[in-house]
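The values are calculated or read from the model by the stated rules, or taken from the named source; none is laboratory data. Because the structure is a prediction, the values reported are computed rather than measured. Glycine also receives a Cβ, built like all others from the backbone with ideal geometry; neighbour counts cover every protein chain displayed.
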Number of protein chains: 2
Amino acid sequence: MASLRLAVDAMSGDLGLRSSISASLNALNQNSALHISLVGDEPAIRLALAEKTYDATRLQICHSPDVVAMDDIPSKTLRYKKNSSMYRALELLRDGDVAAVVSAGNTGALVAMSCIILKRLPGVSRPAICAPVPARNGYTFMLDLGANITCDAEQLYQFALMGSALSKALDGHKAPRLALLNVGAELMKGTSLVKEAAELISADSRLNYVGFAEGNDIFSDQIDVMVCDGFVGNVALKVCEGTANFIRDQLKARFKQSLYGKLTGLLVKPVLSGFQQDINPERYNGAVLLGLNGVVIKSHGGSGVESFESAIHQAARAVRSELTQLIAAQINTTES
Amino acid sequence: MASLRLAVDAMSGDLGLRSSISASLNALNQNSALHISLVGDEPAIRLALAEKTYDATRLQICHSPDVVAMDDIPSKTLRYKKNSSMYRALELLRDGDVAAVVSAGNTGALVAMSCIILKRLPGVSRPAICAPVPARNGYTFMLDLGANITCDAEQLYQFALMGSALSKALDGHKAPRLALLNVGAELMKGTSLVKEAAELISADSRLNYVGFAEGNDIFSDQIDVMVCDGFVGNVALKVCEGTANFIRDQLKARFKQSLYGKLTGLLVKPVLSGFQQDINPERYNGAVLLGLNGVVIKSHGGSGVESFESAIHQAARAVRSELTQLIAAQINTTES
């Protein structure tokens with residue numbers, strides 16, 4: 001397989017080097033065609049690599065002294081964080097030195113910098129953030145998850161085209177089942193925004209539009225791509241995470257409550273840990289920024305090693321499947 | 001304790017008489033001050049009551065031959081369903097024959113009929129649907145859950161006043177902690193709608209406003225009332241239910257997968273059933289329609305007996321705590 005070089009923003013995210021370094025080395029180990037440019041503070045990276053074993057021919061360090069903080073105001077980072085690992089990684093992608101960027105940093109800054117440095121694909125009105133959410137058929141791709149807190153119908157239509165292209169590229173679905181998130185499945189339900197978007201989407205025969213869907217339908221096995229504006233998508237994703245964490249904590253507390261609970265808790269551990277793997281958000285990490293000249297993967301801000309590594313593999317898959325070219329083709333060819 | 005009469009819409013909801021009758025009889029059994037008017041098709045109700053034992057002096061039947069279907073178009077029911085159990089129950093409340101209405105029927109129709117028959121409280125722009133969502137502090141009251149799919153900032157401010165009054169009335173909180181649902185906690189985040197609402201809410205010193213909150217914060221122990229528009233609220237609630245059902249199904253599947261899983265599944269049953277009680281939506285049933293001249297409780301469409309009974313008790317508590325008067329006072333007194 002032809003080799004493939006990715007840039008890893010090594011400094012950003014809640015854990016910074018503590019997750020990015022081990023994740024990169026593990027990914028190199030897993031995929032022999034992979035090359036990685038670690039972007040960040042060179043002395044700190046060298047220190048973190050000091051006692052590790054790895055194939056040095058496939059690992060490059062690209063020095064950038066600055067870091068975008070998680071609470072930096074995105075628009076200001078464009079001006080004051082040009083020496084940051086995030087900015088530099090995107091420049092490497094723009095210049096063709098790498099085929100994709102992976103970062104666990106500030107989402108707003110990553111979107112803003114990507115728009116300025118990489119530019120949007122011709123015809124794309126706004127980029128969108130798309131991530132897999134665990135569901136009965138494996139997962140559902142959901143977008144937008146917060147890049148655009150207000151959207152018009154044309155933008156939702158473009159999200160449908162881009163999400164559909166992503167599902168085709170990464171999952172090989174020929175006709176991904178696409179739905180619009182709404183407060184009911186009936187045609188009369190919803191805001192004028194979703195009704196207008198439904199008209200645009202259903203008129204495009206290249207899309208396999210299955211209609212309006214409700215919040216609980218994200219988890220069904222009937223939908224591959226769920227489209228919504230970034231405000232609703234962001235709230236929905238966080239409610240999903242919040243519910244899962246709440247349930248996990250309640251369950252743990254129950255097993256600690258009594259001696260009986262403690263004993264059965266021990267017995268049940270292998271079953272529960274298998275289950276936790278099923279719904280582990282770490283396994284589903286790697287949101288994709290869609291609509292840009294290049295593959296940009298946003299790893300969860302709190303990504304641990306395993307999680308960050310999934311995001312790197314997600315980036316490699318997106319490059320291999322020619323995601324960017326697929327989206328460009330979807331947006332720019334009008335239906336015949 | 002002084003007696004209290006409620007109207008139960010006995011025909012609506014997915015289960016109709018199959019849940020409303022037993023729920024009503026159980027509630028009468030639990031609360032000796034309670035009187036119930038069962039509104040619906042008299043012959044069918046008599047048949048359903050035939051072999052039950054109950055205190056007949058506290059149960060009245062109020063005949064109405066028609067039923068609002070779950071898929072009836074709300075605006076049309078105002079014209080064509082005047083002989084329905086839902087319409088008649090609201091008339092009983094308007095005429096002072098009962099102190100509250102409980103219905104598991106079509107939400108849109110219940111909101112539309114309530115606005116026409118009961119009217120809104122003076123000064124209230126739009127009624128809102130508010131329900132308790134399980135959380136680390138017991139539950140969080142969330143509104144609006146779908147009565148208003150688009151809102152302006154003034155309406156969100158009124159929801160804050162009404163939700164806060166509900167929390168005071170039902171939970172006895174002196175200063176309920178109130179948050180606005182947003183895509184981030186920082187002041188700069190969010191749509192102009194939530195920013196304007198935040199200004200109105202934070203300027204009212206009667207409200208204990210704690211700021212913007214995110215989707216996962218619904219489950220924290222730091223918030224008593226969460227305010228959002230009805231589109232976002234409806235999606236959030238359904239995502240929460242969908243996540244919980246998905247996790248339950250995955251867990252069940254795990255326990256069925258192997259002999260070890262099956263055996264430990266048996267042992268763990270008492271612990272898991274206690275846990276399921278903790279997060280059981282049946283226990284948290286009873287959404288309140290706020291902003292009307294009278295107490296209207298919306299039970300979940302699929303309410304079983306236990307769930308419907310909680311909604312009846314919720315109605316009784318709301319009447320006892322003078323919820324309607326409290327809300328009227330909040331809306332109509334400007335801050336001094």
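Couple of notes before you dig in:
- Count of residues meeting criterion [over 25 Å from the mean Cα position of the chain (by Cα) and surrounded by 12 or more Cβ atoms within 10 Å (Cβ to Cβ)] in segment B:47-62: 5
- Selection count, segment B:105-121, where residues are surrounded by fewer than 22 Cβ atoms within 10 Å (Cβ to Cβ), in contact (Cβ under 8 Å) with a residue 60 or more places away in the chain and over 14 Å from B:Leu290 (Cα atoms): 0
- The set of residues in segment B:153-176 that are among the charged types (D, E, K, R) and either in contact with a helix residue (DSSP H, G or I) (Cβ under 9 Å, 6 or more places away or on another chain) or not assigned by TED's automatic domain parsing to the domain that holds B:Val227 (or both) comprises B:Glu154, B:Lys168, B:Lys174.
Here is a yes/no grid of residues against (1) touching a residue at least 12 places away in the same chain (Cβ under 8 Å); (2) within 14 Å of chain A (Cβ to nearest Cβ); (3) among the charged types (D, E, K, R):
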site: B:Leu4; (1), (2), (3): yes, no, no
site: B:Leu28; (1), (2), (3): yes, no, no
site: B:Leu34; (1), (2), (3): yes, no, no
site: B:Ser37; (1), (2), (3): yes, no, no
site: B:Ala56; (1), (2), (3): no, no, no
site: B:Lys81; (1), (2), (3): yes, no, yes
site: B:Ser103; (1), (2), (3): yes, no, no
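- With respect to the conditions (1) within 14 Å of chain A (Cβ to nearest Cβ); (2) in a loop (DSSP other than H, G, I, E, B); (3) farther than 22 Å from B:Ala69 by Cα, B:Tyr139 lacks only one, and its number is (2).
- Selection of segment B:97-134 for residues being under 16 Å from the mean Cα position of the chain (by Cα) and assigned to a strand (DSSP E or B) yields B:Ala100, B:Val101, B:Val102, B:Ser103, B:Ala128, B:Ile129, B:Cys130, B:Ala131, B:Pro132, B:Val133, B:Pro134.
- Candidate set from segment A:1-19 (those that are outside any strand (DSSP E or B) and in contact with a Leu (Cβ under 8 Å, 6 or more places away or on another chain)); member that is farthest from A:Gln314 (Cα to Cα): A:Met11
- Selection status of B:Gly123, farther than 27 Å from B:Leu15 by Cβ and at pLDDT 95 or above: no
- All of (1) under 20 Å from B:Asp249 (Cβ atoms); (2) more than 8 Å from chain B (Cβ to nearest Cβ); (3) at pLDDT 80 or above hold for A:Gly286 with one exception: (1).
- Criterion (under 21 Å from the mean Cα position of the chain (by Cα), in the same structural domain as A:Val102 (by TED's automatic domain parsing) and either surrounded by fewer than 20 Cβ atoms within 10 Å (Cβ to Cβ) or free of Cβ contacts under 8 Å to residues at least 12 places away in the same chain (or both)) met by exactly one of A:Asp9, A:Asp72, A:Asp66: A:Asp72
- Residue within segment B:94-103 that is surrounded by fewer than 14 Cβ atoms within 10 Å (Cβ to Cβ) and within 30 Å of A:Met188 (Cβ to Cβ) present: no
- Of residues in segment B:144-171 being assigned to a loop (DSSP other than H, G, I, E, B) and among the aliphatic types (A, V, I, L, M), the one surrounded by the most Cβ atoms within 10 Å (Cβ to Cβ): B:Ala147
- Near pairs, Cβ below 7 angstrom, 6+ apart or cross-chain, from segment B:173-191 (at positive phi) to any residue that is modelled with pLDDT under 95 and among the polar types (S, T, N, Q): none
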